[in-house]
Amino acid sequence: MSKPRIAIVGGGIAGIAAAHRLVEISRERGQGLDLQLLEAGSRLGGSISSERTDGFVIESGPDSFISEKPAALRLCERIGLASRLIGTREADRRTFIVHDGRLHPLPDGFLLLAPTRFAPLLSTDLFTWRGKLRMGLDLLLPRGRERDDESLGSFVTRRLGREALERVAQPLVGGIYTADPDTLSLAATMPRFLEMERKHRSVILAMWRQQKQAAAAAHTGSGARWSLFVSFDEGMQTLVDHLARRLPEGVVRLRTSVAAIDRDAGAWRLEMTGGARFAADAVILATPAHRAAGLVARLDDALARALGEIPYASSATVSLAFRESSLPRPLEGFGFVVPVVEARGIIACTYSSRKYQGRAPEGHVLLRAFVGGALQGQRFAEDDASMVANVRRELADLLGIRDEPLLVRVHRHPLAMPQYQVGHLDRIARIETRAAALPGLYLCGNAYRGVGLPDCIRSGEEAADAVFARLAAD
């Protein structure tokens, strides 16, 4: 019996996770596979890349993953990487907000969209008294009317007021999705807040109750083992490298670009750039949606159109290293976010060397600024020199750092972040229905049901599970 031939297009974390899961299942079941992981670039990992130089660990893309979603942690445990996970430093886990040219600590108990403690809210000068009273009104407001979807901006403004949106929700959510909150689908990104309103009426009241439950769980020893964000001792590249080493020799084919996909007599035909062809029994597309749209155009025009309708934003990171003596005052917290209403040239800055151990040698600091996104696309269009100069001006103004950096790294991620706009879930339902009508074709990645690393891993592994389920049924 011939081995099933499986092709995975795209070597980012979703594609690698899919390939690893296929190999994992094939070994468990003793079923051979002819597997090919086709990556157009010269390396695996997509936006994940870690540079280790002179004692610094510099991340080009994500510097961590969220521990609340289990897929990434479970994968690390299965492949023996759990011992190399590190949490954020225990001390001073604070985030700051830029307001009127100064850094203000996010009030204790403020969780993403809403406050859970009133004393810190009342004492902060991040909000006006009018804004504080408007947030408190959430405790009295009735439930909103049922609707198909709502933007995050609309929801926060409706429940908590404009100041809560502009000064906290927008910059914090912008740091996660690089998105415009007035177009971002709440149901697709943060459905738990919709559920809070439906179940408890008040978002603040719901969060109070959740905090009490979390405190009780921690008291009984059943709380979370890890901090909310975790990384690897030598950077996020650790996961990519470890997964790649676990794949059989010959599976990974770099610098191999797929130009088109066809289906002929029940088999899939992949046409490479340059004319070479590859036949497969199943295909997993682990590419951005706009790239997948071009690949499936010959198969289903409606599917291609729906995939192409998912918008993307571009962003960049600028990492700079300094001696601690260059800082006029010690850094506090893990970094700061910048509301778009502040009209500044960056959207956030992480103090990498404070957030995780081992990111900079003794006596040095490593900072990473974020540029671009859906609301500042013009900043991404700047050349590297202009971008770095702009970042240095902002750091000089906000942190007082004026010395020349010891090193600078600019990493660009063009059209890398899908925008889950209002109506996203309906579009994904249409995409999944159309894709299901093409037996043996599977989609995975950050364009569909979650943008974070655990979401991508889950998506890739689910695609691999679906491949094997179909093979077993045939």
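Every read-out reported here was derived from the displayed coordinates using simple, explicitly stated rules and does not represent laboratory data. Everything quoted here is computed from the prediction, not taken from an experiment. Please note: Cβ atoms are built from the backbone with ideal geometry, for glycine as well, and neighbour counts cover all protein chains shown.
Put simply, the amide H of D182, placed in the peptide plane, has neighbours under 5 Å in G153, leaving out anything fewer than 5 places away on its chain. Ranked by the mean number of other Cβ atoms within 10 Å of their residues, highest first, the peptides 142-151, 464-473, 16-25, 35-44 come out as 16-25, 35-44, 464-473, 142-151. Take the Kirkwood radius over Cα pairs of the range 110-219, plug it into Stokes-Einstein at 25 °C and 0.890 mPa s, and you get 172 µm²/s for translational diffusion. Distance from a point 7 Å along Cα→Cβ of E324 to each backbone N in the range 41-77: keep the residues under 19 Å and list them by number. Residues 54-57 qualify, since their backbone N sits under 19 Å from the label point. Ordered by the count of other Cβ atoms within 10 Å of each Cβ, fewest first, C349, C76 give C76, C349.
So, by mean Cβ neighbours within 10 angstrom, what's the order for 245-257, 417-429 with the highest one leading? Walk me through the numbers before you get to the answer.
On the way: 245-257: 13.6, 417-429: 19.7.
Top to bottom by mean Cβ count within 10 Å: 417-429, 245-257.
Remark on I86: its backbone amide H falls under 5 Å from those of S231, F232, D233, a criterion applied only to residues 5 or more positions apart or on other chains, H modelled at 1.01 Å from N.
Exposure proxy ranking for E362, E77, based on other Cβ atoms within 10 angstrom of each Cβ and starting from the fewest, stands as E362, E77. Using the Karplus relation 6.51 cos²θ - 1.76 cosθ + 1.60 with θ = phi - 60°, the per-residue 3J(HN,Hα) values for the range 148-161 come to 5, 7, 8, 6, 4, x, 5, 5, 5, 5, 5, 8, 10, x Hz, with x marking Gly and Pro.
Can you tell me how much longer the chain between L228 and R430 gets when fully stretched, taken as 0.36 nm per residue apart minus their C-alpha distance, in nm with one decimal?
On the way: separation 202, 0.36 × 202 = 72.72 nm, distance 3.32 nm.
Between L228 and R430, full extension yields an extra 69.4 nm.
Among I6, I401, sorting on how many other beta-carbon atoms sit within 10 Å of each Cβ, with the fewest leading, yields I401, I6. Local charge for R84 was computed over the other residues whose Cβ lies under 13 Å away, with Lys and Arg +1 and Asp and Glu -1, and equals -4.
If you place +1 on the Cβ of every Lys and Arg, -1 on the Cβ of every Asp and Glu, and leave all else neutral, what size is the dipole of the chain about its Cα centre, to the nearest 20 Debye? Write down the numbers at each step before the final one.
Numbers: 62 positive and 55 negative charges, 175 e Å.
Here the chain has a charge dipole of around 840 debye.
What shape does the chain have by the C-alpha gyration tensor, where a ≥ b ≥ c are the square roots of the eigenvalues, rounded means a/c under 1.5, and otherwise prolate means a/b greater than b/c and oblate the rest?
Numbers: a/c = 1.77, a/b = 1.42, b/c = 1.24.
It comes out prolate by the Cα gyration axes.
The lysines within cross-link reach of K212, meaning a Cα-to-Cα straight distance under 20 Å and a gap of 8 or more places when in the same chain, are K199. Taken as Cα centroids, the range 329-358 and the range 234-264 sit 33 Å apart, rounded to the nearest whole angstrom. With distances taken between every two different alpha-carbon atoms, the range 312-418 has a Kirkwood hydrodynamic radius of 14.1 Å. Computed 3J(HN,Hα) for the range 426-439, one whole-Hz value per residue from the Karplus formula 6.51 cos²θ - 1.76 cosθ + 1.60 where θ = phi - 60°, is 5, 5, 5, 4, 5, 4, 5, 5, 5, 5, 5, 7, 10, x, glycine and proline marked x.
A protection proxy built from the mean count of other Cβ atoms within 10 Å ranks the segments 391-398, 288-295, most packed first, as 288-295, 391-398. Projecting the Cα positions of P288, V251, V341 onto the charge dipole of the chain (unit charges on Cβ atoms of Lys, Arg, Asp and Glu, taken about the Cα centre) puts V341 furthest along the positive direction.
By the rule of a C-alpha distance below 26 Å, with chain neighbours fewer than 8 residues away ignored, no lysines are paired with K3.
Computed from backbone phi with θ = phi - 60° and the Karplus coefficients 6.51, -1.76 and 1.60, the 3J(HN,Hα) list for the range 320-331 is 9, 10, 9, 6, 4, 5, 6, 8, x, 8, x, 6 Hz; x is used for glycine and proline. Computed from Cα atoms, the angle from the helix 13-29 axis to the main principal axis of the chain rounds to 50 degrees. By a straight-distance test (C-alpha under 16 Å), which lysines pair with K355 as possible cross-link partners, with residues fewer than eight away in the same chain excluded? Counting by Cα, and skipping residues close in sequence, K355 has no lysines nearby.
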